[in-house]
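These notes concern the structure reproduced below.
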Amino acid sequence: MSTQAPLSYRPEIDGLRSIAVLAVVLYHFGVTGLQGGFVGVDVFFVISGFLIGGLLWREGLETGTISLKRFYARRIKRLAPAYVAMALASFVVGYFVLLPFEFREFGKSLIAATLYLSNVNFFRSAGYFDTASEDKVLLHTWSLSVEEQFYIVLPLLMMLLLRRSFGLRVLLWLSLGVSLIACIWITQRSQPAAFYLFPFRAWELLAGVLLAIESQRRTIPQAQAISFVGLALVLGSIVFIPASAQFPGWHAIFPVLGTVFLIANGKNDNLVNRALSAPLPIGIGLISYSLYLWHWPVLTLSSYYRGGYDSWLETGVWLAVSVALAYLSWRFIERPVRRARTLDRVTFGSALIASAALIAVGGIVFKKDGMIERFEPPLRTHIEASADFLQDWSRCTTPATGPFSGLETCPIGPEGTPEILIWGDSHVRALKEGLEVAAFEADTPALLIWRAGCAPVFGVTKDETSASPAQDAACTAANNQIETALSDQLFKHVLLVGRWAYYAEGNGVGSDANNRIALSVRDANGDQSEQFVQGLKRTAEALMGTGHKLFVLNALPEIHDYDSRKIARELAGNRMSEDQLSKAVSLSLEDHQKRTSAIAPAMHDLSTLGATLLDPSPYFCESNSCSALHKGKAQFFDNNHIINSSALRIRALFQPVFQIEGGS
């Protein structure tokens, strides 16, 4: 993505850049056969480490020191101008195109990207209800942030240890090994962390840095086969590595090693290097930074406005627009600024002013919640619903000791020892604001424990398409721990909350029909539905057997085709008729009963056992149908999660849960 050219120009590296940027761009535009095109970023990391690390090492050898002032001035002149132009253009187009929820997130990401914290921002927001990646206009800036964080550490480290070159090289090699091992380890446990965060990507940049250092210390053997093997590894990675929760992990070794081979053998006169040094690859390589910068906003904003592309012809048009903007950006912004002989203080001052302006713009957009006033009132209820799903979790802690050690627990209501446990899946999150107010109104302290896609059932094991293997395993471990903890009466009341039909049937419906969950329960028999029902009844019996008074929230209606963000976007783009809207916000009572048919007998059995059932359907359903609207106001975030204002409206449903006998 960004480099300063070494003293000896390496044309084949520009050619390698062309492979990297085309892989990323074509992958993003949906070109078939490039399922691993995202590894182009890994190729960029190695190239960047090689060129920047080589410059720093050479400067240290020749001058005995490293000028941080000159280094960062070069980085600013290389990176900032095109980034500022792209960010401002994205803001202007986004103002007219993006709905408030996405525009608000754009404002936040604009601040993060300008401060080179974009990767941290997107890691922190990579959650269960996060917006789709194609709605994040500045998502691609995560890799720039990784690079710049690396180049805060590397120059300082090299400057401090320059006179101890052996120790520096040992430290860099050790750092590469630790980072690689950590990357492989953390990918299985928190793939977003491995993907976005600098410590787990540092090894890729260090591979380039160490190659640069070793190539300046000694002659690297050249052989034609090395280039062919390197090219095969890079191209094979682009074609075969799947986009999955297993990346980066050990999969990233292949594109990194292939890039190392190609650069290390770059001076060998062979077919690969001659092809990479041809005019076309070099030309694409020269505009690669600008092409990387511009292609993603063009793709996201155009597809957002258009509701997706209708044909490959339209895809080709927007791809051509990306290339044209990249060329203009390189020709009239990148190259002139990089060649200009400006004083360092002018460079730093200009960067400071531009950064402050972008941060101010992002702050205003974020503070004004994406500027909802841009839209007409009939559309606003769905827009407001899309934003009414953020709760305050500041009271949550993860205790280090006790029966819930290592589990995130969230107190609600007044301070004091919790008398009530509310345990469930993401529907607990959706209900949180209503539950909390109900707890305060009853003056009863309570505790929430929830985990997305994790049924509150003892002995459950799951395999869910929207979760990683580590998340699936964490669900089982957490439920086992809760089972042990609740073998004693820790609470007076327990409320179970879950998307029951999803677990019994194993799939979502309507807009989330592609979500699948395979579930089994310890010591249960039969198919998934039968095992789940057995597990739920055993959980209820165990809880009541230890003295807990049990409450169970019956199934919320699932409005199959409702999604507040999708509805708002379709209405804003005039792509939805009144009839289509009416169908999207409603569900027949018959369909609701059909969806819950597998779990209805179990709910009846729980009531017979002594559990108190709470039925939310009267708040959303009338005689013949259920609706995502109440008095014209949207009540749902998506097809099965209600919003905060809806949770507050139905909080009277939970009054029995918070009424403790002999208490307040």
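The values are calculated or read from the model by the stated rules, or taken from the named source; none is laboratory data. Being a predicted model, the structure only gives us computed values, none of them experimental. Note that we place each Cβ from the backbone using ideal geometry, even for glycine, and neighbour counts take in every protein chain shown. Calculation scope for accessible area: heavy atoms of the full protein, side chains included, ligands and nucleic acids excluded. Shrake-Rupley method; radii C 1.70, N 1.55, O 1.52, S 1.80 Å.
Conditions (1) open to solvent by 40 Å² or more (accessible area, probe 1.4 Å); (2) in a loop (DSSP other than H, G, I, E, B), marked per residue:
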| residue | (1), (2) |
| --- | --- |
| 416 | yes, yes |
| 421 | no, no |
| 433 | yes, no |
| 448 | no, no |
| 454 | no, yes |
| 457 | no, yes |
| 471 | yes, no |
| 484 | yes, no |
Residue ID - nearest to the chain's Cα centre (by Cα), chosen from residues in segment 351-377 that are touching a residue at least 60 places away in the same chain (Cβ under 8 Å) and over 19 Å from residue 136 (Cα atoms): 355
Segment 305-320, residues that are within 24 Å of residue 572 (Cβ to Cβ), open to solvent by less than 50 Å² (accessible area, probe 1.4 Å) and of a type in the set (A, V, I, L, M, F, W, C): none
Hey, residue 302 in contact (Cβ under 8 Å) with a residue 24 or more places away in the chain, open to solvent by less than 40 Å² (accessible area, probe 1.4 Å) and not aliphatic (A, V, I, L, M) or not: no
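Say whether the condition of being polar (S, T, N, Q) and out of contact with any Pro (no Cβ under 7 Å at 6 or more places or on another chain) is met by at least one residue in segment 471-478.
Just the residues of segment 471-478 that are polar (S, T, N, Q), to begin with: 471, 476.
Going one step further and asking which of them are out of contact with any Pro (no Cβ under 7 Å at 6 or more places or on another chain), we end up with 471, 476.
Yes, segment 471-478 has at least one match.
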Residue within segment 116-136 that is at positive phi and open to solvent by 10 Å² or more (accessible area, probe 1.4 Å) present: yes
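Would you mind stating whether residue 345 is charged (D, E, K, R), open to solvent by 50 Å² or more (accessible area, probe 1.4 Å), farther than 21 Å from residue 140 by Cα and touching a residue at least 60 places away in the same chain (Cβ under 8 Å)? Let's see the steps before the verdict.
Numbers: charged (D, E, K, R): yes; open to solvent by 50 Å² or more (accessible area, probe 1.4 Å): yes; farther than 21 Å from residue 140 by Cα: yes; touching a residue at least 60 places away in the same chain (Cβ under 8 Å): no.
Taking the combined requirement at face value, the residue does not satisfy it.
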Segment 310-333, subset within 30 Å of the chain's Cα centre (by Cα) and charged (D, E, K, R), residue modelled with the lowest pLDDT: 310
Close pairs (6 angstrom Cβ cut-off, 6 or more residues apart or separate chains): without any contact (Cβ under 8 Å) to a residue 12 or more places away in the chain and of a type outside the set (Lys, Arg) in segment 146-167, open to solvent by less than 70 Å² (accessible area, probe 1.4 Å) and not in a helix (DSSP H, G or I) anywhere: 167/161
Complete set of residues in segment 156-183 that are modelled with pLDDT under 95, assigned to a helix (DSSP H, G or I) and farther than 16 Å from residue 214 by Cα: 156, 157, 159, 160
Breaking point among (1) within 13 Å of residue 627 (Cα to Cα); (2) crowded, with 17+ Cβ neighbours inside 10 Å, for residue 571: (1)
Residue list for segment 503-533, filter: part of a helix (DSSP H, G or I) and either of a type in the set (D, E, K, R) or open to solvent by 10 Å² or more (accessible area, probe 1.4 Å) (or both): 505, 510, 511, 512, 528, 529, 530, 531, 533
Odd one out for residue 274, checked against (1) open to solvent by 40 Å² or more (accessible area, probe 1.4 Å); (2) charged (D, E, K, R); (3) part of a helix (DSSP H, G or I); (4) in contact (Cβ under 8 Å) with a residue 40 or more places away in the chain: (4)
